[in-house]
Amino acid sequence: MGGIILAIVISLLPFLYLFTQEHVLGNFTFAFANIAGFIGAVLLMWEFVLGIRELVKKTSFNPVIFMKLHIFLGVWGMFFVLVHPILEMFSYMEKITFLFLPDLSSSINIHITYGRFALLLVLLIWLTSTFLRKYVSHKKWLNIHYLSYPMMFFVFVHALDIGSFLTNFILIKIYWLILLALYLVLIIWRISRILIRQKVTNSPLQK
């Protein structure tokens, strides 16, 4: 388990380094708003990885500990992902509608709107996993939880071409693209595994 925690910390280091480069954005608030988004994305990606049963079963770690780490990453990932747009809103002195109303008037605004889509999905997943959990059946909750797949995709593409750190540090942008590519590979693999299981379940031999 220590190895996994170490891997998570190492995966965060490129973005933690950005705390030493806050001058790029002018002040700490702008810098922290951006870095919070990066940290949240990485934590949620690890939550997704540790939520893949096929991978967890191949390890010798206690599944209960895995689940606790999975929940921990989800809680803090959501926290940082939520902090990002809120700080951006205050930094630009925008109204709360800035967080939710889509704007497709330019390339930059389209990318910002990707972030708005991600935020709406984050809130939906969070609400149904906390306050509304007892009112939602397990099947509906699971289907809503699957919205984390497109949510993470929106988080990744949201920062492309508009993130100040990504545009100023090419190695950070390359690392971000690698994380995006890895996420897409995992999504395709997991969906294929789900489809294979469904095919086997529906097979005449299994009936």
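Values quoted throughout were computed directly from the atomic coordinates according to the rules given, and no laboratory measurement underlies them. Given the structure is predicted, the values throughout are model-derived calculations rather than measurements.
General observations
- Set 68/173; 139/199; 68/199; 95/134 screened for pairs whose C-alpha atoms are more than 24 Å apart: 68/173; 68/199; 95/134
- Applied to region 170-178, the Karplus parametrisation 6.51 cos²θ - 1.76 cosθ + 1.60 on θ = phi - 60° returns per-residue 3J(HN,Hα) values of 4, 5, 5, 5, 4, 4, 4, 5, 5 Hz, with x for Gly and Pro.
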